[in-house]
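The values are calculated or read from the model by the stated rules, or taken from the named source; none is laboratory data. Given the structure is predicted, the values throughout are model-derived calculations rather than measurements. Here Cβ is always computed from backbone atoms with ideal geometry, including for glycine, and neighbour counts include all displayed protein chains. SASA here: full protein model, heavy atoms, side chains in, ligands and nucleic acids out. Shrake-Rupley method; radii C 1.70, N 1.55, O 1.52, S 1.80 Å.
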Amino acid sequence: MTGKIAAIALILAALGAGVGMWYAQEYGFYDRIPADSPRAQVMLQTADGALPLTAIGFEGIDADSSPLRWRACFRVEGGLPDGAQPFDAPTPLIGPNWFDCYDAEQIGQDLETGAARAVLSQSEIRPDVDRVLAVYPDGRIFGWHQFNDKTPERGVMD
């Protein structure tokens, strides 16, 4: 009888830990970004410097637990200003399921097929992290943070 109780306790503990981990990853750390918040301000990197974009219908999320958890969906009227810097090797990061305006898999496919293009929003928004935007011809824009490759390779002597 004691073995059954111990087994049930272990199973319940594992189940509780699994549910807790899922909740933490899906809901626990994310906060919605109000459209009037400074965290909702999106810039565009151009050859002349950073220009603020006027986001329409901004929806965004972020978390203090990681520099990579920022995601955003919005539109801009009239397209982007000239001179947007292309971003090489964009990798849209998957967000929580409940943030349904942002679909990383679809954005990635659209970037590969040319239905969208990736541009640099802000370099080094956090150390070693860039803000990247996927821009569609109809004015839709999706943004995320991504590690950059500007850190020197380890083991290389100058």
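Just a few scattered comments:
Conditions tested, residue by residue: (1) under 16 Å from the mean Cα position of the chain (by Cα); (2) in contact (Cβ under 8 Å) with a residue 40 or more places away in the chain; (3) open to solvent by 50 Å² or more (accessible area, probe 1.4 Å).
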residue	(1), (2), (3)
GLN41	yes, no, yes
PRO52	no, no, yes
SER66	yes, no, no
GLN85	no, yes, yes
PRO92	yes, yes, no
ALA104	yes, yes, no
LEU111	yes, no, no
VAL119	yes, yes, no
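- Among the residues here, PHE74 does not qualify as open to solvent by 20 Å² or more (accessible area, probe 1.4 Å), aromatic (Phe, Trp, Tyr) and part of a strand (DSSP E or B).
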